[in-house]
Amino acid sequence: MAGAIALSRVLVLTCALVATAGWACAQQAPRTPAADLSGTWTSRTMTPLERPAGQTRLVLSRDEANKLAGRMATFRAADSKATDPNAPAPRESGDPGGYNAFWVDPGDDYSVVKGEIRASGIVEPADGKIPYRDRMASTVVQRRIGQEYVSGRGDYTGPEDVPLRERCLIGFGNTGGPGMLGSLYNNTYEFLQTEGHMVMLIEMVHDVRIIPIFDNAKAARAAHRPAAITRWLGDSVGWWEGDTFVMETINVHPAQSSESSIPLTKDGKIVERFTRKGKAEIFYEFEVTDPNHYTAPWKAEYTLTVPKGAVYEYACHEGNYAMEGILGGARLAEKEAAGVIAAK
């Protein structure tokens, strides 16, 4: 209840600001009860966005899914053991390690979409892979961040060189979208639907998407902000197609896009669709188009389900409080490399 009240206040304030700017808040007749997306949902799943190597089929049998889930459960159990406080420090060139599996909650089963157990979110193209023009070029920042995470070594000339997720600016793993994907943990959402707006509160790093609803696709697309305005999570507008809520997102912030699982340029867009399927499911699909990154549009499908718990505060402050140490360590390394001080 408190979350819904807070979201309502956000919505009222947003509408007031929009009106002040000279725009009218979009209005539309209420949808049928079957179309109401309001509620708490989760994207927890073992189904990855891209189909793993060696898995040629989109659909898994229940036996196949159980075997894969069992292997993951065995790994997590082994990786959840307490850290030995007497263990020596890791080698300088080695991976110091992150959290063990006790702390993660990505999901314990594969997504069931349209009655099928899915091996990948991607359904088009048929091989379940993102059709990059040049995968290495499109993922250069993602790979650099991964290397920095493992080694602890990066540029760190200033705070902007630290990844967005470490700076606690937006959630990692594309939990907030566009293209809302499951992540290591905190994969919960609260949707609040009104006549004029759809509000999506993302548990991971408290991101919020506020999408104005228009009468049709043409009116919505005409309401996109100027291309010069790039925002975290992009510029989203929405409309209804029957009982399916459709939202189109463009102009994702370049810094977010470069670190995203779904990179986009200024020419790219993502169209997301949400269709309520009974009390406990939302059929969620999205299509990605960007001629600069991809050879063709590609599509993914997932199912959002009802979680066991509520949306809790995700108080991300590691980057805020650790920034002084991160940058201080980089300055120390520079002095050691320059011979100003002796290396330890």
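Here are some notes:
- Restricting segment 137-154 to residues that are of a type in the set (Gly, Ala, Ser) and loosely packed, with under 13 Cβ neighbours inside 10 Å, the residue that is farthest from the chain's Cα centre (by Cα): Gly152
- Candidate set: segment 307-340, residues that are at pLDDT below 85, assigned to a loop (DSSP other than H, G, I, E, B) and surrounded by 10 or more Cβ atoms within 10 Å (Cβ to Cβ); chosen: the one farthest from the chain's Cα centre (by Cα): Ala310
- Matching residues in segment 202-248 - criterion: being surrounded by fewer than 17 Cβ atoms within 10 Å (Cβ to Cβ), among the polar types (S, T, N, Q) and not in a strand (DSSP E or B): Asn216
- Segment 218-260, residues that are more than 27 Å from Ser38 (Cβ to Cβ), hydroxyl-bearing (Ser, Thr, Tyr) and in contact (Cβ under 8 Å) with a residue 60 or more places away in the chain: Ser258, Ser260
- Condition met for Tyr312 (touching a Lys or Arg at 6+ places or on another chain (Cβ under 9 Å) and touching a residue at least 40 places away in the same chain (Cβ under 8 Å)): no
- Top-ranked residue of segment 287-304 - restricted to ones that are among the hydrophobic types (A, V, I, L, M, F, W, C) and more than 17 Å from Arg44 (Cα to Cα), ranked as surrounded by the fewest Cβ atoms within 10 Å (Cβ to Cβ): Ala296
- Apart from one condition, Gly196 fits all of (1) in contact (Cβ under 8 Å) with a residue 40 or more places away in the chain; (2) closer than 27 Å to Lys308 by Cβ; the exception is (2).
- Of residues in segment 256-291 being part of a helix (DSSP H, G or I) and small (Gly, Ala, Ser), the one farthest from Phe245 (Cα to Cα): Ser258
- Some residue of segment 284-293 being of a type outside the set (A, V, I, L, M, F, W, C) and in contact with a Phe, Trp or Tyr (Cβ under 6 Å, 6 or more places away or on another chain): yes
- Residue list for segment 52-85, restricted to those being among the hydrophobic types (A, V, I, L, M, F, W, C), part of a helix (DSSP H, G or I) and free of Cβ contacts under 8 Å to residues at least 24 places away in the same chain: Ala78
The values are calculated or read from the model by the stated rules, or taken from the named source; none is laboratory data. Just so it is clear, the model here is predicted, and its values are computed rather than measured. All Cβ positions, glycine included, derive from the backbone under ideal geometry; neighbour counts span all protein chains shown.
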